[in-house]
Amino acid sequence: MENSEATNGMRSEMTHLLAVGTKKGLWLGTSNDRVNYSFTGPHFLMQEIPSIGIDTRDGRTRILVGLRSEHWGPTVAHSDDLGATWQEPERGAITFPPDTEAALERVWQIQPDSADRPGVVWAGCEPISVWKSTDGGEHFELNRGLWDHPHRSEWGAGFGGAAAHTVLPSPFDENAIHVAMSTGGVYRSVDGGANWEPRNKGIGATFLPEETPEFGQCVHKVARDPNTPEVLFAQNHGGVYRSGNSGDSWEYIAGGLPADFGFTILAHPRRSDTAWVIPLVADAQRIPPDGQLAVHRTDDGGTSWTRLADGLLQPEFNVVLRDAASVDTAEPAGLYFGTRGGTVYASADEGAHFEPVLTQLPDVLCVRAAVI
């Protein structure tokens, strides 16, 4: 593995970090133009990396990764020196209490909280559960409110597993948190996670006897508007939706898209009502429409969509998974995603043009980008 001196020298010249988690390891890239990257890796070769969090609070850059080893099992490791060294708790960062009679299968989501809550990091896991850390992601505590929820016995596993894949703490209210799971739907807490209520009115579930049930939806990913916390976007198993009231109700906004199935949804870091999706043909095919990969962006809350495909290699028959995409906070915003075919794309202009920055990787499971 590269030495610390070389890594620190690289960091002083570069200002953008791109982290790519795959089925067989982690790649870390730095760049000063978001086009030309210098990558290290694979870190954790032969370990699955389904989740990454980049924490730039408190004047440092901490990379957190959810690991899954077929031999050692799952845990969370972190690095404060761009991957030169890694630390993980001896007994594991996430361990179920004995009374739950459960064991950790996979860490699906790592989400640092807002800047005014330093040290707080959230994790969403399999089996479906949410965890909170107050020490920067080194140790996590199970959220008992969600674990003990009366609906839990009815939450099912999606095609990829039983995943709490989205954890969205509100940057404006420390007591407001949204969680999304596959399958189960969207749940909201307004008391810091003590109690949770389903918030799925209007979201379809054609695979269930009741097409718009209270819960049970297979929501694939949820994103929050940067300025109005009540506004949420959701990519569903059949449907793209927008809520203007914190999930109390949802409206279908996939009109104008070539398909309403997909896994990814991203919100702009500064501009309201701007979001990106990557449509796929449902349900058995799960390929880009007509084998032509494209990102679609809305700038008006889903009223209209613009197709973005300049620079993408075609044809493409691979899926982009729910967390294999990210947006940074630079100006203009950078957009990044990777396919299950192992190609990673970067755009420094909000998707107007893409460049392949990595190719021939194992299946890309998670992509995260940050200005450091």
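Listed values, structure above:
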| read-out | value |
| --- | --- |
| Ranking of F354, F96 by count of other Cβ atoms within 10 Å, fewest first | F96, F354 |
| Helix-only [θ]222 nm of the chain, DSSP H runs n ≥ 4, -39500 (n - 2.57) each, per residue, nearest 500 | -1000 deg cm²/dmol |
| Lys, Arg +1 and Asp, Glu -1 on Cβ, resulting dipole of the chain about Cα centre, debye, nearest 20 | 400 |
| Shape call, region 182-300: gyration tensor on alpha carbons, a/c limit 1.5 | oblate |
| Whichever lysines have a C-alpha closer than 26 Å to that of K201, once near sequence neighbours (fewer than 8 apart) are set aside | K221 |
| Gain in span if fully extended, D81 to D191, counting 0.36 nm per residue against the direct Cα distance | 36.0 nm |
| Contour minus Cα-Cα distance for T206 and F317 (0.36 nm per residue) | 37.4 nm |
| Label-point separation, E174 to F39 (7 Å along Cα→Cβ), nm | 4.0 |
| In nm, spacing of pseudo-spin labels at A157 and S304 (7 Å Cα→C-beta vector) | 4.5 |
| All-pairs alpha carbon distance profile, region 265-372, 10 Å steps from 0, percent | 15, 51, 30, 4, 0 |
| q = 0.07, 0.10 Å⁻¹, region 4-371: log10 I(q)/I(0) [Debye, one scatterer per Cα] | -0.27, -0.56 |
| Gain on full stretching of the segment that runs from D248 to Q292 - 0.36 nm per residue minus C-alpha separation | 12.3 nm |
| Largest-first principal axis extents of the Cα set of region 138-237 (Å) | 37, 29, 22 |
| Positive-end residue of L358, I49, T15, charge dipole of the chain with Cβ unit charges | L358 |
| Zone of E88's modelled label, taken as backbone nitrogen in region 36-69 under 13 Å from a point 7 Å along Cα→Cβ | 43-51, 64-69 |
| Amide H contacts under 5 Å for L67, placed H, 5+ residues apart | T75, V76, A77 |
| Packing-based exposure ordering (other Cβ within 10 Å, fewest first) of D81, D55 | D81, D55 |
| Distance (nanometres) between label positions extended 7 Å along Cα→Cβ at E331 and E101 | 5.7 |
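Taken together, the values in this text are just the output of simple stated rules run on the coordinates, not laboratory data. Predicted model only: the values in this text are computed from it and were never measured. Positions of Cβ are generated from backbone atoms using ideal geometry, with glycine treated the same way; all protein chains shown enter the neighbour counts.
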